[in-house]
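Everything below concerns the one structure shown next.
The values are calculated or read from the model by the stated rules, or taken from the named source; none is laboratory data. Only a predicted model underlies this, so the values are computations on that prediction, with no experimental measurement involved. When we count neighbours, we look across all protein chains shown, and the Cβ atoms used for this are built from the backbone with ideal geometry, even at glycine. Ligands, DNA and RNA are excluded from the accessible area calculation, which covers all protein heavy atoms including side chains. Shrake-Rupley method; radii C 1.70, N 1.55, O 1.52, S 1.80 Å.
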Amino acid sequence: MQFTIARAAAGAASFAVLAAVAGTGAVPAAADETRNNRVLVVLADFEDQHHADAGTDRAGIAQRYFGAEGSLQSYYRAVSRGRLSYVPAVPDKVLGPLTLPWHANCDPRAARQEIERQLPQRGLTKGKDYDSLSIVLPRVPCGWAGLAQVGGPVSWLKAGKGGPTPAALAHEFGHNLGLPHQPRRVCPGGDLGACGGPAEMGRKSPMGGGGAGPGLSATQLIHAGWLAAGEHQRVTASGTFVLRPLYGGQKGVRALEVPLGHDRLVLEYRRPEGSLDGRLNGVYAYRVSGDSYRSADPLSPSAGDRDGAVTTLHDAAAKLTVTVGAVDADSATVTVTLNGVTPPAGSGTAPAVVVPPENPAASAPATPVPDPDGADGADEPADGDDPTGTPADPTASAPADPTGSAPTASAPAPRGGGATTPAMPSPPTAGGGGRPTGPVTPPAATRSNDPEADPGADHDKDLAHTGGNGTALALTTAAGATLVATGALLLRRRNRGGGRRARARR
């Protein structure tokens, strides 16, 4: 077995670095604040691969990031109701191209490090001159359309045709806000006691494979602190409640929270409103474990129902029922039975308490978390470089260390699916400088959806590296320590076996 304790230690050290907390993460604003996030968009060229027409690319990319419609800026202004606006950090809106002094490859950490090395030479300082860094690469044959730090300020996008798509931008910047993927759970017939594990993507937000059409879900708005006081209420006793459209202009409750043992349900009413939620129309439910609103799972009553609107939910153990009543353009009524107590007639005095807005700093992720599966690549832009459709076998791997100092061990495929994806090759380093130089052969494109999060920033908050069909694996310091221990055990066993064979020969 070609496994040494040195390699295990190197892998563990890499994992520990990748799990470090990001010091400049993009933290969402509170519900009563308005905040601008200055995005520095940088075109990056390789020595052997460039943006086809830098001038045209800059104009199109500026529109995709900061245009009045169909852009990153317009999307998050709409979903935050004006509380967050992504604005250009430089007058020209897009900087570059800056040259990465090596041949095209798929190593995002090396690209970030080189771009950050060059920016001070152009008078740009992180924090002082920009809040977020978004690196736009040419159409390199990598198995991803975009990458982003989860809870951090850095994203990587491929240029595509006309620039990154609105879907990719909304998705990656959602990761920067601390949001993981959003897979759904199927609860046959609305039975909350029979829900399966996270399955295909939920399609209720860009994080669930819905593209830039749907807004964020109610639970994601709660995490971001973007619901106003009184819009998030918690049921305290049986009653009938009125839900207002999540993105409508009416005043009232937009997120209704129902206790469910140690968990809780969050109900929302979605319908087309302006540019958002064009394909949604109904009441949708999410299950929140603990206090992690950002990781809430959409619930669907049927595996074949991709919309997933609910009409009734029930849990025999908790003596809970939820029944959706009248639905119109302005509201949806929901009757909740807690502890088997029949609710009183009418909804005028429905018993609920206002839930204070989330403290985004407190709810931001602090440790690496896994990203669930994406079943069919629905969260990917329609781009010829990024095949979608029938998923490949689930795979996951640890990213390569761009310093070239040590090989990185491959991580096992989660849930036993498929083989591991080889780690990306590390660019060679210049003598003593630590900066990649020289040609690097890019790895072959793999059938993959979206390897989310920065695989290798030395100040990352979360690491989630997605392989074959969107399956991801989070690697923590503890995982690295486990790898070291495993390597040591294997080495001791091999050494004992060798000693016994030597004694036998003597």
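What's the magnitude of the charge dipole for region 64-133 around its Cα centre, counting Lys and Arg as +1 and Asp and Glu as -1 at the beta-carbon? Answer in Debye, nearest 20.
Numbers: 11 positive and 7 negative charges, 49 e Å.
Here the size comes out at about 240 debye.
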Prolate/oblate/rounded call for region 220-345, Cα gyration tensor, a/c under 1.5 rounded: rounded
Nitroxide proxy distance, nm - points 7 Å out along Cα→Cβ at Arg81 and Thr312: 3.3
Ala229/His103 FRET efficiency (R0 56 Å; Cβ-Cβ; nearest 0.05): 0.55
Farthest toward positive dipole pole in region 179-315 [+1 Lys/Arg, -1 Asp/Glu at C-beta], among Ala212, Val253, Ser292: Ala212
Positive dipole terminus of region 69-152, leading residue within Ala104, Leu137, Ala78 (C-beta point charges): Ala78
Per residue accessible area of region 127-236, 1.4 Å probe, in Å²: 20
Centroid-to-centroid separation of region 291-348 and region 219-269 [C-alpha atoms, Å]: 11
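Within the set of other residues whose C-beta is less than 11 Å from the C-beta of Leu72, count the net charge using Lys and Arg as +1 and Asp and Glu as -1.
Values: positive: Arg64, Arg77; negative: Glu172.
Local net charge: +1.
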Ala345 versus Asp305: modelled label distance in nm, points set 7 Å from Cα along the beta carbon direction: 2.9
